[in-house]
Structures are given as C-alpha cells and as structure tokens.
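Structure record follows, encoded as structure tokens.
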Amino acid sequence: MKRILSVIFSFLFAMGAVSTVLADSRDVVSLGADLTESQKQGMLDLFGVDETQAEIIEVTNEEERQYLEGLASEEKIGNKAISSAYVRILEEGRGIEVETHNISWVTKEMYANAMVTAGVENARVVVAAPFKVSGTAALTGIMKAFEKATGEKLTKEAKDAASEELVTSGELGEEIGKDKAAALIKKIKERIIGERITDKEDIRRLIIEIAADLDINLSQENLNKLADLMEKIGKLDLDVNKLTDQLEKISGHLDNIRRVVNENKGLLQRIIEAIQSFFRWLASLIRG
C-alpha cells in the first residue's frame, strides 16, 4: 500500500512540475495596436491561438519608432502598428524557427539573423499582417513577446543592433538580392564574433573579403553601413557557437547561396574559355 501511495504521489508531483513548466513557457502574441478588432481576431486565428492559450500584448507605433527611427524610412516604418508576431519558447537546443505571412520586405532569414543578435533563442516565431507590409516593425513585437514569455530582459544595445541589422539587411537586399544579403551578413557576423574582431579597418577588410567570396559588389555606402553595424555587433556578448546552433534550421538555405555562386563562377569561367578558344581558332584561320 505504501508503495502504491508513493507511486501516486510521485506521479502527481511530476504532473505538477510539468504544469509549472507549461505555465512558465506560455505562448505570447504581440498584436499591432492599430489593427481593428476583426483584424486582431484574424491574426489570432492565423496563429491558431486564443486568449486562453496565449498571452496577448500590443505594440504601438511609438514603441516601434524607438528602435527604427533614423534607421528605416518613414515609408517602411509607417504611422500605424500593424505587424503582429506569435512567439513560442522551445526547449533548449531547438534553435530559431521563423514563418512569415504578408511580409514583403523582410525575409525569415533576415528575421532569424536579427533575432539572434538581439538575444532571442530557442523560439518558434510567426510574423504576420492582415495585408502586405514591409515587416520592419515586427522585430519590436518579437523582442517584446520574447521578453514577456521568458521573463528575461534583452539589453538595449542588443535590441538596437538587431533593429539596425534588420534594416541594413532589407536595404542591402534591394540592391544585391535578399538571399545574398542575408547570407553575407550571417557570414560576416560569424567571423566577427568568432575571431573577436573589433578594429574598424579589420572589419572593413573582412567585409570586402567575404563579399568577394560570395561574388557580391558592395557600394562604398553599403560597405560603410555594414562596417558600422558589425562594429556594434562585435561589442555585444555573443557566442559564435550559440549563434550557429540557433540558426541551424535556416543555415542550409543560406549556405546554398555560396554553392550557387561557386557553380556560377565555374560556368562563367567555361564561357570565357570557350570564347577564348573561338578567337584562337579564328586567328589560326586568318594566319593560315
């Protein structure tokens, strides 16, 4: 009988522990404060939750401007808070998972890159809007929801750097392509953090080296922006192994960029060689 009671109490204790973990890891949804009631309900429906399953918070345009003003254009920031985000904390080692709906300017890879810079980890994030938006402001909601879900505060320096990274990625993506922009920033950031490079000139040389490796031509303006950004990121307390682990789920797509670039380089070289061969043949005919 004592043994049976012991088993029952152990079971109840375990169930209580599980309930505590679930309560501490409650999902959080950040809704744009300027959404209509029907739009807010539409976001909750898309996320697959209601008020009983997730904590609902709001993000205002003023909060978004705290991080974006001076970085993004007025067109990108807007004057209303529309973007919404669902955040679920995952178990240790799961890394970052991102899904987007109606986000036109920022890719899920850009979000994941910036989230890791901010200190967000082991989280499933869904970013959405009821209609097409740029998506720049959504990072504010993601960071706020992550802090609410974990009870941890992200540093202001990390949040500022993450916001700047997201905008820089988006602007760079307009010129060189979104995938290349995300891949470039990820590679630079890994090297900066892994090798603890803090000198501005060393950072610039590294950016030029990695850009050339990815067959990317950077304007002087973009080079300067990246150098400024990476100098700030280099001062954050980031771990390169954690960064790599957190981005594992999206790294496959970004690493394919380099493979495609190398394949294209090989194709270009074969075309050049074929042209050279043709002119050599033509010259031999003329000489003959």
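The values are calculated or read from the model by the stated rules, or taken from the named source; none is laboratory data. Quantities reported herein were computed from a predicted structural model and do not represent experimental measurements. Because the Cβ atoms are built from the backbone with ideal geometry, glycine has one as well, and the counts that use them run over all protein chains shown.
Based on what the data block shows, is Ile82 touching a Gly at 6+ places or on another chain (Cβ under 6 Å), in the same structural domain as Ile142 (by TED's automatic domain parsing) and closer than 24 Å to Ala123 by Cα?
Values: touching a Gly at 6+ places or on another chain (Cβ under 6 Å): yes; in the same structural domain as Ile142 (by TED's automatic domain parsing): yes; closer than 24 Å to Ala123 by Cα: yes.
So Ile82 fits the description; yes.
Each row is one residue, and each column tells you yes or no for (1) more than 22 Å from the chain's Cα centre (by Cα); (2) in the same structural domain as Ile142 (by TED's automatic domain parsing); (3) within 16 Å of Phe131 (Cβ to Cβ); (4) at pLDDT below 95.
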residue	(1), (2), (3), (4)
Gly32	no, yes, yes, no
Ser38	yes, yes, yes, no
Gln41	yes, yes, yes, no
Gly48	yes, yes, no, no
Thr60	no, yes, no, no
Lys76	no, yes, yes, yes
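So which of Glu175, Glu164, Glu201 ends up being of a type outside the set (A, V, I, L, M), in contact (Cβ under 8 Å) with a residue 12 or more places away in the chain and farther than 23 Å from Glu63 by Cα?
On inspection, the qualifying residue turns out to be Glu175.
Going through Ala128, Ala145 one at a time, which residue ends up being touching a residue at least 60 places away in the same chain (Cβ under 8 Å), out of contact with any Phe, Trp or Tyr (no Cβ under 7 Å at 6 or more places or on another chain), assigned to a strand (DSSP E or B) and not acidic (Asp, Glu)?
Unique residue meeting the criteria: Ala128.
When you go through Thr168, Thr117, Thr150 one by one, which is the residue that is out of contact with any Gly (no Cβ under 8 Å at 6 or more places or on another chain), surrounded by fewer than 20 Cβ atoms within 10 Å (Cβ to Cβ) and hydroxyl-bearing (Ser, Thr, Tyr)?
Being out of contact with any Gly (no Cβ under 8 Å at 6 or more places or on another chain), surrounded by fewer than 20 Cβ atoms within 10 Å (Cβ to Cβ) and hydroxyl-bearing (Ser, Thr, Tyr) holds for just one of Thr168, Thr117, Thr150, which is Thr150.
Inspect all residues belonging to segment 198-211 and state whether any of them is outside the structural domain of Met115 (by TED's automatic domain parsing), in a helix (DSSP H, G or I) and at pLDDT below 95.
The answer is yes, given that some residue of segment 198-211 is outside the structural domain of Met115 (by TED's automatic domain parsing), in a helix (DSSP H, G or I) and at pLDDT below 95.
Does segment 217-230 include one or more residues that are at negative phi, modelled with pLDDT of 55 or more, of a type in the set (Asp, Glu) and not in a helix (DSSP H, G or I)?
No: zero hits.
Of the residues in segment 67-84, how many are in contact (Cβ under 8 Å) with a residue 12 or more places away in the chain and either surrounded by 14 or more Cβ atoms within 10 Å (Cβ to Cβ) or part of a strand (DSSP E or B) (or both)?
Adding up the residues that qualify gives 12.
Any idea which of (1) surrounded by fewer than 23 Cβ atoms within 10 Å (Cβ to Cβ); (2) outside the structural domain of Lys76 (by TED's automatic domain parsing); (3) in contact (Cβ under 8 Å) with a residue 24 or more places away in the chain is the one Ser104 doesn't satisfy?
(2)
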